[in-house]
Amino acid sequence: MKIWLIAAMSADGKIAEKAEQSSLDWTSAEDTQFFVEKTKEAGVVVMGRTTFSTIGKGLKDRRVIVMTKNPTEATPVEGVEFTNNSPADLVKRLISEGVETLALGGGASVYSQFLDAGLVDEVFLTLEPFLFGNGVPLGEKFARVNLELVDTRKLNARSVLLHYRVQRSFMKPVIERTVDWQYHHLLKKILEEGVDVKPIQGEGSRMLLGAQMHFDLANGFPMITERDLGGRFMIGALGEHFAFLHGARTQEELKAFGCAWWKKWVTKERCDIFGLPEGDLGPGSYGPAWTAFPTSEGEPFNQIEHVVKQIKERPNLRTHIISPWIPQYTLQHSGIPPRKVVVAPCHGYLHILVFPETKQISVHHFQRSGDVPVGVVFNIIQYAAFTMMIAQATGYTPKELVYTISDAHIYESQFEHVKQLLDREPRVFPTMYMDSTVNDLLDFRPEHFTVADYTPHEAMIIPTPV
Ligand SMILES: NC(=O)c1ccc[n+]([C@@H]2O[C@H](COP(=O)([O-])OP(=O)(O)OC[C@H]3O[C@@H](n4cnc5c(N)ncnc54)[C@H](OP(=O)(O)O)[C@@H]3O)[C@@H](O)[C@H]2O)c1
């Protein structure tokens, strides 16, 4: 059953200037018209006894249910039922009676209880041009509800109708989440048990071979809290990921998706080494490997598109695999042409596991090489978002992101920063809301993601030599 909250509000969030006032005293004729149309569309309207007293009669062509503690004492009114059911019991009863849509007509106590019980699906608010200063608020004493804006409409020269959808999350309420120490332990383990190596890039690092973290996504979105990754950092990470899903190969294409950090890798000097034009990541980079994998038949193969189709058609298969690695464009030794990629793909090896019985999806992501203080934290955001997106695009609920890093390292220039990070206690992971209307993996954009309940330690810029 769908439940709509319908209210008129002053611009300072009051639904009445004083208690027991009739809404008709101050709302516009267009709002009344909207209320009548929308409640007729729903067919059933629930309101509190106080609100009903301000109306004093039934509503034409609508079933009206009035909440009161003493239904037997109410004076019978035609077309009106009185109930002392709790919101949850009332909803259960109406579902069993076949009711498909329910409109909440107020007042504040009814809105509050239905919101608090998580029973509201959509919210229609008419903003009328007043600041009451005092009065009855829309509701109170309910936990925060996140909304996504569906539509706005000017009802007349002075009034605006806002239509929201309540955002739902498959994640546990923040209060029930446990603090995830896996990232903290990984940093510590690399520092304490890693081996010192001198890679060809020059700067030494300490590395651990084969690290793994399991993120139960119901326990929150795995965005580390030891330093603030919100704002433009997160947007850049998502933008890069979406660009690659679309096959982006050049700095310009990445920029169009909001990711600006590839510039230093695709300078003229670097691209010259691989015989590539300036700004080109190369045919062996993530985007082309995922979406235009070279085949012996000649036709490029789009792994993303085909894996999505395979999941939908044959979810039980264990072959939902995506690889960013085109060996003939990536390996380098004498006797073969120079590699065709400025940076050999580090991440983006994906195994998607579908559990049709529970309607859940998990992703095992493998990272060949990971700069754990810098790159990895953004990659975790990308693949946790990917897990949520692929789940929504195929009709499943996200379950787990298993994150394996083969060469997990910390560069020497990062040691001091990592020690500071280890002094900061991790906090619970935030909630990530995703626009519920996007159903195609390629249609997601950063604005479809909203982070809530994120309480990180302060931002820390950590250098990275790569
Ligand atoms: N602007 C708008 O869109 C809009 C819409 C509606 C209302 N309003 C305004 O809101 C104000 C009224 O709001 P309000 O919060 O004071 O009152 P209300 O929600 O209209 O009614 C409260 C009454 O409903 C009954 N009730 C509520 N929850 C119940 C439950 N779980 N079980 C049994 N009975 C329950 C109780 O009636 P008993 O006391 O009989 O037990 C309670 O006193 C009025 O000023 C009205 O104009 C504005």
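Rule-based calculations on the coordinates, nothing more; no lab input. The structure presented is a predicted model; accordingly, all values stated were derived computationally and were not measured. We place every Cβ from the backbone using ideal geometry, glycine too, and count neighbours over all the protein chains shown.
Charges only on Cβ, +1 for Lys and Arg, -1 for Asp and Glu: so what's the dipole of the chain about the Cα centre, in debye to the nearest 20?
Magnitude of the dipole: close to 300 debye.
By DSSP, what percent of the beta bridges with both residues in the chain are antiparallel, rounded to the nearest 5?
55
For the chain, go through all pairs of different Cα atoms, get the mean of 1/r, take its inverse, and jot down that Kirkwood value in Å.
25.6
In what sequence do I322, I95 fall when counting other Cβ within 10 Å, fewest first?
Exposure proxy ranking, most exposed first: I95, I322.
Would you be so kind as to identify all helices of the chain, as entire DSSP H runs, whose Cα atoms reach 18 Å or more along the helix's own axis and whose mean Kyte-Doolittle hydropathy is at least 0.5?
232-245, 375-394
Ratio of region 174-452's C-alpha Rg to 2.2 N^0.38 Å, to two decimals?
Normalised by 2.2 N^0.38 Å, the Cα Rg of region 174-452 equals 1.00.
Net charge around E192, counting only other residues with Cβ within less than 12 Å of its Cβ (Lys, Arg = +1; Asp, Glu = -1)?
+3
Once you put a point 7 Å from the Cα of T319 and another 7 Å from the Cα of S86, both along the Cβ direction, what distance in nm separates them?
So the label points at T319 and S86 sit 5.1 nm apart.
Step by step: find N for region 130-214, compute 2.2 N^0.38 Å, then divide the Cα radius of gyration by it. What's the final number?
2.17
Report Rg(Cα)/(2.2 N^0.38 Å) for region 2-166, keeping two decimals.
Here the answer is 0.98, to two decimals.
How large is the helix-only mean residue ellipticity at 222 nm for the chain, computed as the sum of -39500 (n - 2.57) over DSSP H runs with n ≥ 4, divided by its residue count, in deg cm²/dmol to the nearest 500?
Counting only the DSSP helices, I get -8000 deg cm²/dmol.
Hey, what did region 174-452 get for relative contact order, percent, Cα under 8 Å, at least 6 apart?
27 percent.
Return the sequence-ordered ³J(HN,Hα) values of region 259-270 in whole Hz as given by the Karplus equation 6.51 cos²θ - 1.76 cosθ + 1.60 applied to θ = phi - 60°, using x for Gly and Pro.
Each residue's phi maps through the Karplus curve to give 10, 10, 8, 8, 3, 5, 8, 10, 5, 4, 4, 5 Hz.
Once you list every other residue whose beta carbon is under 14 Å from the beta carbon of N316, what net charge do they have if Lys and Arg are +1 and Asp and Glu are -1?
Summing Lys/Arg as +1 and Asp/Glu as -1 gives +2.
What is the magnitude of the charge dipole of region 54-202 about its Cα centre, with +1 placed on the Cβ of each Lys and Arg, -1 on the Cβ of each Asp and Glu, and no other charges, expressed in debye to the nearest 20?
I would put it at about 260 debye.
Once each part is reduced to its C-alpha centroid, what is the distance from region 249-299 to region 337-374 in angstrom?
18
Could you please report the charge total around E128, scoring K, R as +1 and D, E as -1 over all other residues with beta-carbon less than 15 angstrom from its beta-carbon?
-1
For each of K419, K399, count neighbouring Cβ atoms within 10 Å of the residue's Cβ, then give the residues from fewest to most.
In order of increasing Cβ crowding within 10 Å: K419, K399.
How high is the FRET efficiency from A74 to M1, r the C-beta distance, R0 22 Å, rounded to 0.05?
For A74 and M1, the calculated efficiency is 0.35.
I'd like to compare 46-59, 186-199: which one has the highest average count of other Cβ atoms within 10 Å, and what's the full order after that?
So the peptides 46-59, 186-199, ranked by packing, come out 46-59, 186-199.
Taking the number of other C-beta atoms within 10 Å as the exposure measure, put E203, E122, E357 in order starting with the fewest.
The most exposed by this proxy come first: E357, E203, E122.
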